[in-house]
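Just below is one structure, and these are the notes that go with it.
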Amino acid sequence: VFQLSVPLNFLGSVYRELRQSLLDMETLFNLQKVNIAVQEKPNASPLTLNQGGVVRFENVSFAYRPDRPILSDLTMTIPAGRKVAIVGPSGCGKSTILRLLFRFYDVQSGRITIDGQDIRDVTLESLRKSIGVVPQDTPLFNDTIEHNIRYGNVDASHEEVVAAAKRAQVHDIVEGLPEGYATQVGERGMMISGGEKQRLAVSRLILKDPPLLFFDEATSALDTHTEQLLLGNINGILKEKARTSVFVAHRLRTIYDSDVIIVLKDGTVAEQGTHEQLVENNGIYSELWSAQEMLFTEEGEEEGQAEGR
Ligand code: ATP
């Protein structure tokens, strides 16, 4: 984060001059954490989403370091226009899957395709433009709330920014700030809570409106009630636009309604199916679900205060 703080501030002040195609903020955020090891092929062509956004991992193996495999022979399909959840123990490689899809790293064997095209054969720009992510932690720019949301689409009007904020359950909070959408946030502005940040990140994604959407623990800092409202709105958008979406989540209550739930273990798919099928299976998912349901019932009363400022 330290290394990039200067360029990010710089971008914040001149962003109006930057073209959307050059400025994919999620990409930038993720760049903070990784080395760029991938190269575009000289004859790469733009990704064409001619099947609605089917994502396939075919026998994918990947390790950051040779002695420690993260994904081993992973095969999975994320069907077009469906909501898919990826669950599994901490450190099992869920965020790595997102990094591979964005092509921050290349797989060591197997392949990843989107609508049948190997992602190594398409231009990086077209790939990253097609994918939107709400990452685990979204840094804010030292700029106004309005501009922070508008990074999703620099051509958006004020009305579009407000509409996105409403759907992301953050409009009322913004309205309550001393200067509303003109309030400065980030290190040099007002500090806002983790849950508010997450909702600003969702507003950005709604404005960007990419064909493929990834949510990496995107609502983990919200109280249960706000989380339910936000997820309801997100589900509405996904259905309305028939978008392919992937949710990485620890709290199974946020994903149990997914069309497919993929359970990872030891770098590969341990189970997959709908919530009902997986509960019936009596496997890992079923165990996790029972454990979390018990916790949920015990903690239910306290959770409403989780986001107090
Ligand atoms: P969580 O649920 O805790 O977010 P995750 O399933 O998303 O975890 P990843 O972030 O994909 O897990 O990480 C998988 C493993 O790879 C972890 O053990 C992590 O320490 C390791 N790892 C992640 N990034 C790197 C990196 N750049 N270099 C080396 N190891 C890494």
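Listed by chain and number, the lysines whose C-alpha is less than 17 Å from the C-alpha of residue 94, apart from same-chain residues fewer than 8 away, are 33, 83, 265.
If you take the Cα centroid of the range 224-293 and the Cα centroid of the range 122-198, the two points sit 26 Å apart. For the range 179-270, relative contact order (Cα pairs under 8 Å, six or more residues apart, normalised by length) works out to 24 percent. Contact order for the range 28-167, expressed relative to its length and based on alpha carbon pairs under 8 Å spaced 6+ residues apart, stands at 29 percent. Take 175-187, 84-96 and order them by the average number of nearby Cβ atoms within 10 Å per residue, most first; the result is 84-96, 175-187. Across the range 114-224, C-alpha contacts under 8 Å between residues 6 or more apart give a mean separation that, scaled by the residue count, equals a relative contact order of 42 percent. In this structure, residue 43 and residue 166 have a Cβ-Cβ separation that, at R0 = 35 Å, corresponds to a calculated FRET efficiency of about 0.20.
Only the coordinates and a few stated rules stand behind these numbers; no lab work does. Remember, predicted model here, so these are calculated numbers, not experimental data. Cβ atoms come from the backbone with ideal geometry, glycine included; neighbour counts cover every protein chain shown.
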